[in-house]
């Protein structure tokens, strides 16, 4: 019985089935995840550019935002909507800002206070210290917002802007998968 098996035919059939399986997964990923995400981001005027890529078992979503008035609010809305589309799939949303050297210098000066407040919970002192630092710079706008589990810092100067989100629970991943900002 085994002598009558045509091994090349079995191998070709096996390879065909594997390619159909992976092709279906690719099609499903496109139809169920990537297209709805692309459509969602296209409807949001504050999102300038989107890059979606698969990195292992995690879907990487990179969003370039315009300067927004309330980073916490926009981050929360985006995360909620992405979570609804993604379901129980793993994903990471990364925010891209449009920073320059001056804004990086400003952040370098305030980040100690943000990190300290994230650990100690002394947000009034953080706000006062950051306010003192910011008074020494000529910026168009800056915001410092304390959320339930994150501190949001944003600053705008001459068409450039910087977003930073600091976890209030260092070392923990938290429930949300959004929260990094990247220099472009």
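The values are calculated or read from the model by the stated rules, or taken from the named source; none is laboratory data. Predicted model, so just to flag it, every value in this text is computed and none were measured. Cβ: placed from backbone, ideal geometry, glycine included. Neighbour counts: every protein chain shown.
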Any hit, the range 132-141, residues being out of contact with any helix residue (DSSP H, G or I) (no Cβ under 9 Å at 6 or more places or on another chain), assigned to a helix (DSSP H, G or I) and either at pLDDT 95 or above or outside the structural domain of residue 47 (by TED's automatic domain parsing) (or both): yes
Say we look at the range 79-92 and pick out the residues that are modelled with pLDDT of 90 or more and in contact with a strand residue (DSSP E or B) (Cβ under 7 Å, 6 or more places away or on another chain); which of these is surrounded by the fewest Cβ atoms within 10 Å (Cβ to Cβ)? 90
Do we find that residue 106 is in the same structural domain as residue 154 (by TED's automatic domain parsing), under 23 Å from the mean Cα position of the chain (by Cα) and in a helix (DSSP H, G or I) in this structure? yes
Members of the range 142-158 that are outside any strand (DSSP E or B) and surrounded by 12 or more Cβ atoms within 10 Å (Cβ to Cβ): 147, 149
Of (1) exposed (fewer than 12 other Cβ atoms within 10 Å of the Cβ); (2) touching a residue at least 24 places away in the same chain (Cβ under 8 Å); (3) in a loop (DSSP other than H, G, I, E, B), residue 45 satisfies all except one. Which? (2)
For the range 58-74, check the following and say yes or no: at least one residue is within 20 Å of residue 149 (Cβ to Cβ), part of a loop (DSSP other than H, G, I, E, B) and modelled with pLDDT of 90 or more. yes
Which of (1) farther than 15 Å from residue 167 by Cβ; (2) in the same structural domain as residue 163 (by TED's automatic domain parsing) does residue 115 not meet, given it meets every other one? (1)
When you look at residue 24, is it part of a helix (DSSP H, G or I), outside the structural domain of residue 148 (by TED's automatic domain parsing), loosely packed, with under 12 Cβ neighbours inside 10 Å and at pLDDT 80 or above, yes or no? no
